[in-house]
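See below for the structure under consideration.
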Amino acid sequence: VGAQLKAMRKQYIAQFGDFALVRDQQQPLSKAEHLAMLATLRNYQIVPWSIERHDGLLMYVAVAANIGCRSDEQCDDDGIKRANFVPVNEHGAELEVTPDNIQAWRRNGAMLRGRSSKTKCDQDNSHWGSRDIWLLYDDANPLSLPVIWAEYELKYPCPPSERAKWPMASPTCGKMTYSTSVAAADHKTMCVAALGEEVGRKKTPHAHRVT
């Protein structure tokens, strides 16, 4: 059997070329591609999507692009919550997430502290959960997560008592979570709208993790 398979592989390569059996791997997103995605979502260009659906996916993309999480880490009941992100003051003290505090905090150089959710390789979050992710507020960077986070929190405030329950990114910008299938489908629709059919259909949420 092994000899037959080897012969078939050689025949296939001879017919279809030297790279016929090379995996078509996901390629990193370029800066231009990221900017096109942001523009599509910020300018509400996907018909007939609601404003909330655009804003929710913008938050999803910003989290994925900044911390490199898997799609399932933002989805379903165990995904990243609002409580995973907390602004801190210049002394490193946590600030309660209220509209007034966010307005006073949002300036270049301010820091947003992020924390992971459970992951494929850390299923109880015991390893990475204690390792803070520090994110710089920079309004010159269109992909700055703290900038997008502040806009989202001000536009769609969450009751403080619900922050540990509400997802950070939501298709309704509220308490509804993404499922992995809905996140993948909406991401694909956005990519096609932003990058065109030929390029966009090849992009998956994993593209934000590729280096």
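The values are calculated or read from the model by the stated rules, or taken from the named source; none is laboratory data. Bear in mind that the values here come from a model prediction, so they are computed numbers and not experimental data. Accessible surface areas use protein heavy atoms only, side chains included; no ligands, DNA or RNA. Shrake-Rupley method; radii C 1.70, N 1.55, O 1.52, S 1.80 Å.
Structural remarks
- GNM flexibility winner over the chain from 165, 31, 81 (Cα, springs under 10 Å): 31
- Area of residue 63 that stays accessible when all protein chains are in place (1.4 Å probe, Å², to 10): 0 Å²
- Residue-by-residue Karplus 3J(HN,Hα) for the stretch 81-90, coefficients 6.51, -1.76, 1.60, Hz, glycine and proline x: 9, 4, 5, 6, 10, 9, x, 10, 7, 5
- Set against the labelled values [x] 69, 41, 30; [y] 60, 33, 30; [z] 134, 31, 30, Cα extents along the principal axes in Å computed from this structure falls on [x].
- Qualifying lysines (Cα of each under 30 Å from Cα of residue 31; at least 8 residues distant if same chain): 81, 118, 120, 155, 188, 202, 203
- For the chain, modelled as a GNM whose springs connect Cα atoms under 10 angstrom apart, the maximal fluctuation among 201, 53, 131 occurs at 131.
- Residue 78 contributes about 90 Å² of solvent-accessible surface, heavy atoms of the protein only, 1.4 Å probe.
- Entry comment: accessible area of the chain is 56 Å² per residue, from protein heavy atoms only and a probe of 1.4 Å.
- Carbon + sulfur, % of accessible area of the chain - ligands and nucleic acids excluded, 1.4 Å: 52 percent
- Interchain or long-range residues, amide H under 5 Å from residue 75's placed H: 80
- Highest mobility in the GNM of the chain, judged by mean-square fluctuation with C-alpha springs under 10 Å and restricted to 52, 96, 198, is found for 198.
- Computed over the chain: relative contact order in percent, which uses C-alpha pairs under 8 Å that are six or more apart: 29 percent
- Heavy-atom SASA rank of 85, 16 (probe 1.4 Å, accessible area, largest first): 16, 85
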